[in-house]
Amino acid sequence: MDSDMSRRVVAEFFGTFWLVLGGCGAAVLAAGFPNLGIGFLGVAFAFGLTVLTMAYAVGHISGGHVTPAVTLGLWSAGRCANKHVLPYIVAQVIGAIIAAVVLWVIASGKPGWVAGSFAANGYGDLSPGKYGLGSCFVDEVVMTFFFLLIIIGTTSRGAATGFAGIPIGLALTLIHLVSIPVTNTSVNPARSTGPALFAGGEYIGQLWLFWVAPIIGAVIAGLVSRWMYEYEKIRDTIVVEERRVTP
């Protein structure tokens, strides 16, 4: 693996690690803290802040995807090189799993702590609001679609790209404010995978939805963006990408 790819993969690992530790950590450790819990609002902002901070910390290295859905959505839009797709996704999933391990170690230090759902995603009986499979599927597809549309739009030429991390972070906050009661909000297959492995049982059995639905929404958004934004803008992005990574 060349040095540029190594830097990109490490950036995606840390970005996804921070998202899972910060977002899921807020849900597990602080959301229901006796009398002073941060609730849904606090968890939503925690997820948004993780993306906002990592957009500026690693965005200039790897693009700051931190989710397989974004990687595949940008790929479908012509904004992610083929050779980056698999390494990015592997790094993201590993980062999410290790973050879940760290969160488990921290949370289990409290006497009498019970893991429960461990911030995992679910539908039906595992949905926070007991929403059915159909509702949860539509929710994840639509929320991921708009997340990608915002990412692509705010990072396209002509937009104020230096400030793109702000609307992207706020978009993820809004997504969580709407959909935490429905699925506990995924829009990120890696984020779903880490906690599900520790919640176990039915959460693992339902994990497929939180891979399939976000990827469908992301890919549709990528394809739509090819029509919405001028081809030259997408082509220029690829050219810059190729020039930067060529030895």
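Below is a table of values for the structure above.
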item: Enumeration of residues in the range 55-86 that are closer than 22 Å to Leu197 by Cβ and either in a loop (DSSP other than H, G, I, E, B) or open to solvent by less than 40 Å² (accessible area, probe 1.4 Å) (or both); result: His65, Val66, Thr67, Pro68, Ala69, Val70, Thr71, Leu72
item: Test for Trp75: is it modelled with pLDDT under 95 and either of a type in the set (Asp, Glu) or in contact with a helix residue (DSSP H, G or I) (Cβ under 8 Å, 6 or more places away or on another chain) (or both); result: no
item: Residues that are over 18 Å from the mean Cα position of the chain (by Cα) and either on the phi < 0 side of the Ramachandran plot or touching a residue at least 60 places away in the same chain (Cβ under 8 Å) (or both), drawn from the range 125-150; result: Asp125, Leu126, Ser127, Pro128, Gly129, Tyr131, Gly132, Leu133, Gly134, Ser135
item: Spans of helices (runs of 4 or more DSSP H) in the range 116-234 with at least 3 residues crowded, with 16+ Cβ neighbours inside 10 Å, at pLDDT 95 or above and of a type in the set (A, V, I, L, M); result: 133-154, 165-183, 189-199, 209-228
item: Pick from the range 88-105, criterion open to solvent by 40 Å² or more (accessible area, probe 1.4 Å) and touching a helix residue (DSSP H, G or I) at 6+ places or on another chain (Cβ under 9 Å), ranking: nearest to Ser225 (Cα to Cα); result: Val90
item: Close pairs from the range 20-41: first in contact (Cβ under 8 Å) with a residue 12 or more places away in the chain and within 16 Å of Val66 (Cβ to Cβ), partner open to solvent by 30 Å² or more (accessible area, probe 1.4 Å) and among the acidic types (Asp, Glu), Cβ under 9 Å, at least 6 apart; result: none
item: Tally of residues being open to solvent by 20 Å² or more (accessible area, probe 1.4 Å) and of a type outside the set (D, E, K, R) across the range 5-21; result: 9
item: Residue among Val85, Val105, Val70 that alone is within 13 Å of the chain's Cα centre (by Cα) and modelled with pLDDT of 95 or more; result: Val70
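The values are calculated or read from the model by the stated rules, or taken from the named source; none is laboratory data. Bear in mind that the values here come from a model prediction, so they are computed numbers and not experimental data. Counting neighbours? That spans all protein chains shown, and the Cβs are built from the backbone with ideal geometry, glycine included. Accessible surface areas use protein heavy atoms only, side chains included; no ligands, DNA or RNA. Shrake-Rupley method; radii C 1.70, N 1.55, O 1.52, S 1.80 Å.
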